[in-house]
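Here's the structure we're looking at; comments come further down.
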Amino acid sequence: MKQTVTMTVGSQTIEIETGRMAKQADGSVLVTAGNNVVLVTVVSSTRDSDMDFFPLTIEYAEKFYASGKIPGGFFKREGRPTGGATLNARLIDRPLRPTFPEGYNKDTQVVATILSFDGTYPVEILASIGASCATHISDIPFNGPTAAVLVGKVDGEYVANPSPEQLEKSEVELIVAGTRNGILMVEGEATLVPEATILGALKFAHQQMSVIFDAQDELREKTGSKTKREFVPYSVDESFRTQVADFASEKIAAALSTRDKGERYGAYDKIKKEAEAMFLADLSNKDEKEARKKDLGIVIGDLKYDIARGNILEKGERIDGRDLTTVRQVTCEVGMLPRVHGSGLFTRGETQVLGTVTLGTGDDEQTIDSLAGFYKKKFFLHYNFPPYCVGETGRMGGQSRREIGHGALAERALKAVLPDHDKFPYTIRMVGEVMESNGSSSMGTVCGGTLAMLDAGVPLKGNVAGVAMGLISDGTKTAVLTDILGDEDHLGDMDFKVAGTREGISAIQMDIKIDSITFDVMEQALSQAKEGRLTILNSMEEVISTPRGEISEFAPRIQTIKIKPEKVREVIGAGGKVIKGIIEETGVKVNIEDDGSIHIASTDPEASKKAIAMIEGICAEAEMGATYKGKVVKIVDFGAFVEVLPNTQGLLHISEVSNERIRNVSDHLSEGDEIDVKVIDVDRAGRIKLSRKALLDN
């Protein structure tokens, strides 16, 4: 039976409905706001999974019919998820995943399908709310509900779920998700705002979530409050756990004091092999041996988790020997790749990223086909995480969801400091190649990207660095860690990445693995992150602090000229004939904008000069009193028409041909003759009167 609830978030009413569509799913809701409709379903298998992690998958399906469009391409149907769809799927996954019970390992799939879209409302927020609600009203074990809000700050006021027009004027654009107890996830960007503005946005977001929780609880009650499935998490026999702990605890503690990642992991492997020899050798039954091996892996993993966390909370000792606030050693290089337009190698501890920048023209802009229509990007960042960067083998080719997400975060961080396009009219592609990884390669990409852009001569509005923060908490004691290692990310309770300049924050990403953290802890993390960011910036700026005075000799030089907008048509010509001719003759690239801005790009300065001269010639207008060498294009009874500028003709009246009175113009001039003429009048209609007589000796 159909059931609905409504709520108001910000200025928009949201309706959640169930019981009409996709009724065979374990949970299904239709979430509507204005003309935007999202169907979200969840199904969880009743069979146990062999995976040692929770196999949750989130699919975000953008249907082009939702906005009245037919997809491009040959097949005219939706293909693989776009980058935007992948990012939205991650935004749903990150707050939802930690709200399932610890140890739940049933194969679970959430599908969010965009059915109607008008571009006025953040449908990814509707999808996130729908994912929580579909799971909440189902019989799937779930510790929700969760809620999500998009926060902006316009004219000094925080706004919930702002419109696209409001976002254009907003200081921040943060997607925040959480439970009643606190915030679980943050993702977004800002215009170099102070930490207090970000903290205020997070508090505002959590306040807005209360009505969303209430609506989901109300819908669950209306649908009968289904009993959640019985679920007993897998547990290891306590006597076996004790035996393994007695054997391995001291060995693991010693391994955790090994600073080098490779040596530390080698020590872990040695401990595990010794434990297998001790606890598996007497087992002959294959199934029993596999089960015992699984238990052994769980216990050793738990020991690493407990000992590492205990060292931090009780002794203030981190895995690599640092205190809680110290950033690992930073080294930087620039300009090591001669043919690349800009390059920077950033190394922080055992994390290393090679940043490269390529400067292109308007032809190189990335065209995106989205539900909202086509749009172009003048700056885009690609992040690559090959297997070798963590000492592994693996499949190469294509980008994982993680690579797309990390690249988007780094792109947000750097976008805030890019120069205005009218002052630096280049398309910029930045690539972050992760060479080594042991903690926050995305923030390493931000730092490497800044180095590369400075090396490329990009006039940034500020230098950007980023740092990843961690958290260890047992409910009573809390430790905030600066510049976390990969192990600290895995063993910790928070991954909090903050990027920005000395003046403020440009991008932020946070994921909480525990129920919640207080705003006081968030404030401490933001403050500590600023200190770490400034430390990294100091190291970077010792190598390069300002953009190089000129761009690479291998990059195209772009010169911009301005013409009257009404002259654009003349420069382009019928069917593009004129501009194509200029390009073919000079070899330059030309990008023309509707406002009359023309960007001419070439690595050959002489070619650019020639193209500019040709365009200026087309757009030139005859000036009163000026003298021109013109070409006679037509003879008539009353005079001759002379082309004084490209596509610009004037009338040379018969009386102005000679000092003497003449009867026939053709006795003195022929079509094709080149003659000097002077402009003696230009009337209101733009008609030009010429004189040859004025230039002749009396």
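Once you have the alpha carbon radius of gyration of the range 330-541, what is it after dividing by 2.2 N^0.38 Å, with N set to its residue count?
Compactness ratio reported: 1.03.
The range 65-97: which chymotrypsin sites (Phe, Trp or Tyr not before Pro) are DSSP loop and have at most 14 other beta-carbon atoms within 10 angstrom?
In loop regions of the range 65-97 (DSSP not H, G, I, E or B), the sparsely surrounded chymotrypsin sites (Phe, Trp or Tyr not before Pro) are Phe74, Phe75.
Quick one: if the Förster radius is 22 Å, what FRET efficiency do Lys631 and Leu696 give, using the C-beta to C-beta distance and rounding to 0.05?
Using R0 = 22 Å, I get an efficiency of 0.75.
Beyond 30 Å between alpha-carbons counts as too far, so tell me which of Lys228/Lys294; Lys203/Lys477; Lys261/Lys513; Lys169/Lys610 fall in that bin.
In this structure, Lys169/Lys610 lie more than 30 Å apart at Cα.
How many angstrom lie between the Cα centre of the range 185-251 and the Cα centre of the range 327-390?
Using only Cα atoms, the two centres lie 33 Å from each other.
Counting each DSSP H run of 4 or more residues in the chain as -39500 (n - 2.57), what helix-only mean residue ellipticity at 222 nm follows after dividing by all residues, to the nearest 500 deg cm²/dmol?
Helices in the chain give a 222 nm mean residue ellipticity of -10000 deg cm²/dmol.
Would you mind giving the three semi-axes, in whole Å and largest first, of the ellipsoid equivalent to the chain according to its Cα gyration tensor?
Working through the eigenvalues yields semi-axes of 64, 31, 22 Å.
Rank-order 378-385, 452-459 by packing density, defined as the average count of other C-beta atoms within 10 Å over each peptide's residues, highest first.
Descending mean neighbour count gives 452-459, 378-385.
How large is log10 I(q)/I(0) at q = 0.14, 0.16 Å⁻¹ when the Debye formula is applied to the Cα atoms of the range 238-315, each weighted equally and without solvent?
Scattering profile of the range 238-315, log10 relative to I(0): -0.47, -0.60.
If you find the alpha carbon centre of the range 433-480 and of the range 260-315, how far apart are they in angstrom?
Spelled out, the Cα-based centre of one part sits 32 Å from the other.
Read phi for every residue in the range 32-44 and hand back ³J(HN,Hα) as whole Hz from Karplus 6.51 cos²θ - 1.76 cosθ + 1.60, θ = phi - 60°, with x for Gly and Pro.
10, 9, x, 8, 9, 10, 10, 9, 10, 10, 9, 9, 10
Grab the Cα-Cα distance for Ser284 and Lys222, subtract it from 0.36 nm times how many residues apart they are, and report the gain in nm with one decimal.
That pair, Ser284 and Lys222, stretches by 16.8 nm at full extension.
With the cut-off at 18 Å, report for the range 39-118 the share of all Cα pairs above it, as a whole percent.
In whole percent, the long-distance tail amounts to 50.
Considering amide H positions built from the backbone, and no H for Pro or chain starts, which residues 5 or more places from Val543, or on another chain, come under 5 Å of its amide H?
Under 5 Å from the amide H of Val543: no residue qualifies.
Place the peptides 371-377, 404-410, 291-297 in order of packing, highest mean first, counting for every residue the other Cβ atoms within 10 Å and averaging per peptide.
404-410, 291-297, 371-377
Below 8 Å, C-alpha to C-alpha, sequence gap of six or more: please give me the relative contact order for the range 330-541 in percent.
Answer for the range 330-541 is 22 percent.
If you plug each phi of the range 210-219 into the Karplus form 6.51 cos²θ - 1.76 cosθ + 1.60 with θ = phi - 60°, what whole-Hz ³J(HN,Hα) values come out, in order, with x for Gly and Pro?
Listing the rounded values in order: 4, 5, 6, 4, 4, 5, 5, 4, 5, 5 Hz.
Give me Rg/Rg_expected for the range 3-222, where Rg uses Cα atoms only and Rg_expected = 2.2 N^0.38 Å with N residues.
1.01
Let me know the volume per residue of the alpha-carbon convex hull for the range 405-494, in Å³.
105
No value in this document is a laboratory result; all are computed from the given coordinates. Treat the numbers as computed from the prediction; the structure is a model and nothing was measured. Methodologically, a virtual Cβ is constructed for each residue, glycine included, from the backbone with ideal geometry; neighbour enumeration extends over all protein chains shown.
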